[in-house]
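Here is the structure we will look at, set down as structure tokens.
Just so it is clear, none of the values below were taken in a lab; they were calculated from the coordinates. No experiment lies behind these values; they were computed from the predicted model shown. A quick note on method: Cβ atoms are made from the backbone with ideal geometry, for glycine too, and the neighbour counts reach across all protein chains shown.
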Amino acid sequence: MMVKKRDFLALADYTPEEIWGILHRAVELKDEWQRTGRNTPLLKDQSLAMVFQKPSLRTRVSFEMAMQHLGGYAFYLGPQEIGLGKREAISDVARVLAGYVDAIMARVFDHAHVEELARWAEVPVINGLSDYNHPCQALADGLTMYEHFGRIQGLKVVFVGDGNNVAVSLMHLCAKLGAHFVFSGPEGYDPPRKAWELAQAFAQESGATLTIERDPYKAVEDADVIYTDTWVSMGQEEEAEKRLQIFPPYQVNAALVARAKPTAIVMHCLPAHRGYEITDEVMDGPQSVVFQQAHNRLHAQKGLLAVLLGEGA
Ligand code: CP
Ligand code: NVA
């Protein structure tokens, strides 16, 4: 009998307990990897197709290595190869791929496209970033905060910059797990209303708070975490000139970081645009955890794959 599959398209679809289940599994698998240099082959002979409509370093390599460390196999399908929705209908791609592999990870422009893949594929579909959100990034962010502070609940997490896909998933992580989320960016660039309303509902359950503060210096007062990301996401290239004029007041630089708690950490999903949303001084400074955070993509996704493919969500 076919076991009902579980997709990972958004943190919004997972309970706080399920998110913690993935994070705790990630901690165990990271510990096993660091202690012994290997992982138990939980996903022996299982395979992951990785469909990319956009470039990637972290998502591509960390998923590929995660599968390999867990005894499975992953392969890359770039934009030129399958032409998702162009050369072939998404519903057809989904049904064909599902006959070859145990799971699909997809990085798409339009969030509706990863939802459509999931609707048609009989195997789990993982969202490797869409225009709406980036839930795999948020798992690594949660793991990094948990490792650093020993908790997520009650932290003050301030996202400075564009209310983009990364901001949406971070906001949902905070709202689900009880951290206080502050968004600080220019008017007109807030996270989408639908995402904000969802976050409000999660916050009511968890005791989290959600705030918008236009002044980044006020926003970061007492912050435990300052988080930023590019001002121009992939697919927004034609808006670059306008955005580069609007966003400079939201640069994460030493003066801004000095207003947060002295114990605050600085996070960035990467790739970073040094000298724009973050300065070299901050990125390479003592409060930056950006490389630990990037490395945690590997471990967080092992937790996710183990839950989705190895043990059931
Ligand atoms: N943070 C992140 O998703 O990086 P890549 O675009 O390199 O995958
Ligand atoms: N917001 C960025 C994240 C890249 C990982 C983008 O969508 O380009």
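State which residue is nearest to GLY310 (Cα to Cα) when the search covers only the stretch 84-111 and only residues that are surrounded by fewer than 19 Cβ atoms within 10 Å (Cβ to Cβ) and within 16 Å of ligand 2 (Cβ to nearest atom).
HIS111
Go through (1) away from ligand 1 (no atom under 16 Å from the Cβ); (2) touching a Gly at 6+ places or on another chain (Cβ under 8 Å) for LYS156 and report which single condition fails.
Every listed condition holds for LYS156 apart from (2).
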